[in-house]
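Asks: So that we are looking at the same thing, I have put the structure below in structure tokens.
The values are calculated or read from the model by the stated rules, or taken from the named source; none is laboratory data. Everything numeric here is computed off the predicted structure, so don't read it as measured data. Every residue, glycine among them, receives a Cβ derived from its backbone with ideal geometry; neighbour counts consider all protein chains shown.
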Amino acid sequence: MQQKMILSGNEGVARGAWEAGVGLGIGYPGTPSTEIVETLAKLEGPLVAWAVNEKVALEQAYGACVTGMRGLVTMKHVGLNVAADPLFTIAYMGVNGGLVIAVADDPSMHSSQNEQDNRWYALHAKVPMLEPVSSQECRDYTRLAFELSERHDVPFLLRLVTRVSHSRGLVEIDTAAGYRRTSRRYERNVPKFVVLPAHARARRLVLEKNLANLLSDPEARGVNKMEITSSEVGIITSGASYNYVKEAFGHRYSVLKMGLVYPLDGEIIREFAGRVQRVFVVEELDPYLETHVRALGVTCEGKKYISPFFELNPQAVATSLVSAGLEPLERPDPAAVEPVAGIPARPPILCAGCPHRAFFYLARREKVMVVGDIGCYTLGAMPPLDGIDVSACMGGGFSIALGISTNLPEGEKVFGVLGDSTFYHSGITGAVDAVFNRRPIVPVVLDNRSTAMTGHQENPGTGRTLDGEPTVMQDPERIFRAVGFDRVLVAGAYDLEGIRNAIREAKAARDRVAIIVKAPCRLLKDARRGPAREIVTHDCTKCKNCLRLGCPALSLKEGGYVAIDTHACAGCGLCEQVCRHRAVRVKEKGGTA
Amino acid sequence: MAPTKRVMFAGVGGQGILLASRVLAEGLIRAGVDVKSTEVHGMAQRGGSVVTQVCFGERVYSPLVGPGAIDILVSLEKLEALRYVHFLKRNGTLLVNRREIPSLPVLTGAVTYPRDIEERLASFPVSLCVIDADREAERLGNPRVMNVVLLGALVRLAGLAGLVDWKEVVAEAVRPQYREVNLRALDAGMHLV
């Protein structure tokens, strides 16, 4: 029975994979891709897991697919950088069971450190890529990708963006369809699966043949669709940009929607260009399609009008192409309200009671140089905490510090800070290198027992797998010791004195010292809250020292006093510890200060 | 063909924007129209400014629109109304909850929370409606149903009240133990405007 459901793009991908009989779904959490694995985990049948990082996820899925199972791998765009090593070679080796890598880009960097355009990965690694525009296509293309992957012996990339992954729309699904795990027979095949140079040279040619076969497959070509409604103007587009083009121009101009963005079907592009007088290319981020269309000898215009950075939207597309002489359905109203300037910003902040706050507060006061990493704790860089000097990528918290340590004045130390999930992702290698190369960095793990920023996924330190089953609970302290650190100083996340002492001791130490700051994320269901605090106005000297914690429960009131919002207060007690005048106390029940 | 209508919700992480926009979308689906919505998760939710959009009509292509294209902006907080008012079309509808949540620069005293937001909003070429949804929710005994109070007001203002049984839609979207108070919140919101 066909039924319409409202699904997000991510839910559509999970649904499609499930219907395709996927055997293993695995990924590393990363906005905006996280809910694919989470949704798949709720569906009966497939094995679903969080891997320690994206490379491990892809390699596991590949292993499953070598033996004949279908594998789905998920990650955010920068995760593909981590998984790039296996990706490039798996393309040569080909598959047995189908392999689909769903990767979610984040144009405008809503939750990311860059806005790399991952379509280039498809071209670069020679891995075919489908790009859905809606939740329906997320479901359809995922199913198709598995079929094509097996039919043509190639892994498949499925490119999503925030506005596809996190948009919701109607999806027609067959409710009667059940789960049947797809399985193919494994046969030992050393020339295919062992990439010695001689084998790789042969596979290199096989890959070219596979890509050519794929391009002549009617089902693959079928996802590129021409909508001829005008002989005047034709717009070539793909993914979310297609939605913006249609919203802006309706059926006014002809459109060529490229569902298969690698390898590109030059034939349909030439045919389309032949049926219209002027060709435009509308795409978000880089001129990927435009470069290829031009290389085919087709005259077109694209980035001349369309911004090459940040997210597009229908109005941005319409406004840009008005200057090229195109006429949108609705002219953007120039007299609508102007953006209001000069209003207070509302940046994301560490929550009230966040266990990361104290470390950054003290790092600043102890004047240590800090290299941060990717997670909630990157917010430790925001004023007033101002506790991070450099932060680039997952795992970089330790490794970038290693390099900084080679160029510091004698006796000075740099601290490398990352969270527990990041430590297991790619932090441990930096700690090993610190010992190996005798770099005097102080590695710090802010262990909140969760992958908090992406919504509290399990990781090797939580003691549970994705499906809630108990497993070995890793311990950063034992890992530090095992790789050669002499001492590991463990401080409670709300023990200001303890953290300060640890920082000072590590700074002065001549042996190898690591620090662990421990307390569970306050947003976890079973996290305990302390008693709410209040400020006795009579004792407050208006020194504002507590405001330097950057806690959302504390605010400056008229008259220069500070007050605590007792509903927001998580009772962590940090403000009580930093107040030199003992004006902060546990709130008395029913009483007011 | 009826033109696509576009609703945008703005507010602060934790105020219940996702639920409000999902319930709206679910109701519209039941009414048989095409719906697309978009949300931003992750970093943007840690106390930061959060927006969602819900577009509906006979055929909706894009879940996202830019400034100047929204028919109804629902802001769960006053400062966020000021931040996103330019997304409204000329003569669009602005529904604002009379709630002030200081942002970090305000908390630390670096800047002050603007005192004249309602006057400024009233000066724009939009149709303004300010309600105190928090007070209403507290009166009903659960401050967290503020979002559903606003949803009720929105449904009435947008002329969607008769489209589907919104009570049924809300009832199915919330946990059983909160059903009763959410239904009262929906009803209260409908009567506030």
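Asks: Can you give me the ranges of the helices (runs of 4 or more DSSP H) entirely in segment A:476-593 with at least 1 residues that are surrounded by 21 or more Cβ atoms within 10 Å (Cβ to Cβ) and free of Cβ contacts under 8 Å to residues at least 40 places away in the same chain? Step through it out loud before you land on a result.
Replies: On the way: elements: A:476-483, A:496-508, A:574-578.
Counting at least 1 such residues, we get A:496-508.
Asks: What number of residues within segment A:87-110 are crowded, with 24+ Cβ neighbours inside 10 Å and within 19 Å of the chain's Cα centre (by Cα)?
Replies: Residues meeting the conditions: 8.
Asks: I've got another one for you. Considering only residues that are within 10 Å of another protein chain (Cβ to nearest Cβ) and either in contact with a Ser or Thr (Cβ under 6 Å, 6 or more places away or on another chain) or surrounded by fewer than 24 Cβ atoms within 10 Å (Cβ to Cβ) (or both), which ones fall in segment B:67-76?
Replies: Residues satisfying the conditions are B:67, B:68.
Asks: Now, a different point. Looking at segment A:236-251 only, could you name the residues that are in contact (Cβ under 8 Å) with a residue 40 or more places away in the chain and either at the interface with chain B (Cβ under 9 Å from one of its Cβ atoms) or among the acidic types (Asp, Glu) (or both)?
Replies: A:240, A:242, A:243, A:244, A:245, A:247, A:248, A:250
Asks: So, one more: Inspect segment A:191-200 for any residue being at pLDDT 95 or above, surrounded by fewer than 18 Cβ atoms within 10 Å (Cβ to Cβ) and of a type in the set (Lys, Arg) and give the result as yes or no.
Replies: no
Asks: I'd like to check something: does segment B:156-169 contain any residue that is in contact with a Lys or Arg (Cβ under 9 Å, 6 or more places away or on another chain) and part of a helix (DSSP H, G or I)?
Replies: Looking through segment B:156-169, at least one residue is in contact with a Lys or Arg (Cβ under 9 Å, 6 or more places away or on another chain) and part of a helix (DSSP H, G or I).
Asks: Could you check how many residues of segment A:63-76 are crowded, with 24+ Cβ neighbours inside 10 Å and not aliphatic (A, V, I, L, M)?
Replies: Residues of segment A:63-76 crowded, with 24+ Cβ neighbours inside 10 Å: A:65, A:69-76.
Narrowing further to those that are not aliphatic (A, V, I, L, M): A:65, A:70-71, A:74, A:76.
The qualifying residues number 5.
Asks: Then there's this: Within segment B:109-135, track down each residue that is β-branched (Val, Ile, Thr), within 11 Å of another protein chain (Cβ to nearest Cβ) and not in a loop (DSSP other than H, G, I, E, B).
Replies: From segment B:109-135, those β-branched (Val, Ile, Thr) are B:111-112, B:117, B:126, B:130-131; that's our starting set.
Applying the additional criterion that residues be within 11 Å of another protein chain (Cβ to nearest Cβ) yields B:111-112, B:117, B:126.
B:117 - this is the single residue of segment B:109-135 that is β-branched (Val, Ile, Thr), within 11 Å of another protein chain (Cβ to nearest Cβ) and not in a loop (DSSP other than H, G, I, E, B).
Asks: What's the number of the condition residue A:254 fails, among (1) within 30 Å of residue A:332 (Cα to Cα); (2) in contact (Cβ under 8 Å) with a residue 40 or more places away in the chain; (3) of a type in the set (Ser, Thr, Tyr)?
Replies: For residue A:254, the failing item is (2).
Asks: State yes or no: is residue A:123 closer than 24 Å to residue A:210 by Cα, touching a residue at least 60 places away in the same chain (Cβ under 8 Å), among the aliphatic types (A, V, I, L, M) and surrounded by fewer than 21 Cβ atoms within 10 Å (Cβ to Cβ)? Give the derivation first.
Replies: Numbers: closer than 24 Å to residue A:210 by Cα: yes; touching a residue at least 60 places away in the same chain (Cβ under 8 Å): yes; among the aliphatic types (A, V, I, L, M): yes; surrounded by fewer than 21 Cβ atoms within 10 Å (Cβ to Cβ): yes.
Yes: the conditions hold for residue A:123.
Asks: Let me ask something else. Name, by its number, the condition in (1) over 23 Å from residue A:32 (Cα atoms); (2) buried (at least 24 other Cβ atoms within 10 Å of the Cβ) that does not hold for residue A:174.
Replies: That leaves (2) as the condition not met.
Condition check ((1) modelled with pLDDT of 95 or more; (2) more than 30 Å from residue A:547 (Cβ to Cβ); (3) not aliphatic (A, V, I, L, M)) across all residues:
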residue	(1), (2), (3)
B:15	no, no, yes
B:38	yes, yes, yes
B:41	no, no, yes
B:55	yes, yes, yes
B:64	yes, yes, no
B:95	yes, yes, no
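Asks: If we scan segment A:245-253, do we find a residue that is buried (at least 23 other Cβ atoms within 10 Å of the Cβ) and closer than 29 Å to residue A:153 by Cβ?
Replies: Checked segment A:245-253: no residue is buried (at least 23 other Cβ atoms within 10 Å of the Cβ) and closer than 29 Å to residue A:153 by Cβ.
Asks: Among the listed residues A:231, A:167, A:238, which satisfies the condition of being crowded, with 18+ Cβ neighbours inside 10 Å, among the small types (Gly, Ala, Ser) and not assigned by TED's automatic domain parsing to the domain that holds residue A:37? Break it down stepwise before answering.
Replies: On the way: A:231 fails: crowded, with 18+ Cβ neighbours inside 10 Å; A:167 fails: not assigned by TED's automatic domain parsing to the domain that holds residue A:37.
Being crowded, with 18+ Cβ neighbours inside 10 Å, among the small types (Gly, Ala, Ser) and not assigned by TED's automatic domain parsing to the domain that holds residue A:37 holds for just one of A:231, A:167, A:238, which is A:238.
Asks: Can you name the strands (runs of 3 or more DSSP E) wholly within segment A:147-230 that have at least 1 residues being more than 23 Å from residue A:266 (Cβ to Cβ) and within 14 Å of another protein chain (Cβ to nearest Cβ)? Give the derivation first.
Replies: Numbers: elements: A:156-161, A:167-174, A:225-227.
Ranges flagged: A:156-161, A:167-174.
Asks: Determine whether residue B:19 is within 24 Å of residue A:32 (Cα to Cα), more than 10 Å from chain A (Cβ to nearest Cβ) and surrounded by fewer than 21 Cβ atoms within 10 Å (Cβ to Cβ). Don't jump to the end; show me each part of the working.
Replies: Values: within 24 Å of residue A:32 (Cα to Cα): yes; more than 10 Å from chain A (Cβ to nearest Cβ): yes; surrounded by fewer than 21 Cβ atoms within 10 Å (Cβ to Cβ): yes.
Yes: the conditions hold for residue B:19.
Asks: Collect the residues in segment A:531-561 that are within 19 Å of residue A:358 (Cα to Cα) and of a type in the set (A, V, I, L, M, F, W, C), keeping them in residue-number order.
Replies: Hits for segment A:531-561 are A:532, A:543, A:546, A:547, A:549, A:551, A:553, A:554.
Asks: Also, quick follow-up: All but one of (1) more than 30 Å from residue A:544 (Cβ to Cβ); (2) touching a Phe, Trp or Tyr at 6+ places or on another chain (Cβ under 6 Å); (3) not in a strand (DSSP E or B) hold for residue B:60; state the number of the condition that does not hold.
Replies: (2)
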